[in-house]
1. By count of other Cβ within 10 Å, fewest leading, how are M81, M210, M164, M76 ordered?
2. Can you put R65, R104, R149 in order of Cβ neighbours within 10 angstrom, beginning with the fewest?
3. When the gyration tensor of the stretch 39-133 is built from Cα positions, what are the square roots of 5 times its three eigenvalues, in whole Å, from largest to smallest?
4. Based on the alpha carbon coordinates of the stretch 69-257, what radius of gyration and maximum Cα-Cα distance (Dmax) apply, in Å?
5. In whole Hz, what ³J(HN,Hα) sequence does the stretch 98-106 give by Karplus (6.51, -1.76, 1.60; θ = phi - 60°), x for Gly and Pro?
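What follows draws every value from the coordinates through simple rules; no lab data is involved. No experiment lies behind these values; they were computed from the predicted model shown. Positions of Cβ are backbone-derived with ideal geometry, glycine not excepted, and every protein chain shown enters the neighbour counts.
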Amino acid sequence: MLRILPESETRGTREMSQSGVGKLKIVAVAVVSAAVAACGSSAPPPPPVVHAPPPPPPKIVIPPRPTAPAGAFATMAVPQMAENGVRQTVNFGISDEQKLWNVRSGLNVAALNCRSNEHISLADNYRAFLQKHRRQLSRTNRDLASQYRAEHGRSYRDAQDAYMTRVYNYFALPPALPAFCDVAHEIGQEIVNVPSGQLHIFTESALPRMEAVYEEFFSAYEKYRVDLAAWEAQYGPNRSPVTMEANYGPQPNETAQSN
């Protein structure tokens, strides 16, 4: 059975419902406002971290490949040092007679090969030397032949010729020849003033002066080989060096060698 409420009660109920809805709206608005306020009060997010790109790798500058001194062969045989620190060249461990003869041979090489204006007097001084000291040179030549005969028997001449070929090639070594010409020019000027019979005394200082030229070159060449090995190890492909023995210079003719 339905009950019809009076208009006054109906109006009151409606007003109460509207009032409750209004309160709910107010609460909802307050919650949203609080949430918005809470969001507004938080710190902003940090900016993204930007990493700098790595630096480029350092540029490798390859130095020039070492080259042999004075235009020498890239690979060549160099006389070794003896235990006493003296290099074992053709002038190592020889007799006094051979020392004198090797000085003569060195001057012969210079007279034939040193043709610049600075060395123009070499040939004339060499001829004057042969003429002034012809007796001592002839005696020295005979003494050397006796020494070779005693050591090598019948084949002494072949042994002596082979050794002298090495001597001439040694003094004619192209990379050292310019410096040798300078020294030989000085010695040639001095030797014509040596008193007769005293060549052995002069030889004691003259031959080491000649040798110093080649020692300087050999030392420079050994340094080149060390520098080249270091360069190859760091910059170059693996290589198998080839060592070769070179014979330098023309063999002086018999006329220039005459006593």
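1. M81, M76, M164, M210
2. So the ranking, lowest neighbour count to highest, is R65, R149, R104.
3. Each semi-axis is the square root of five times an eigenvalue, giving 75, 20, 10 Å.
4. 18.2, 60
5. For the stretch 98-106, the Karplus curve yields 5, 4, 4, 5, 6, 4, 4, 5, x Hz.
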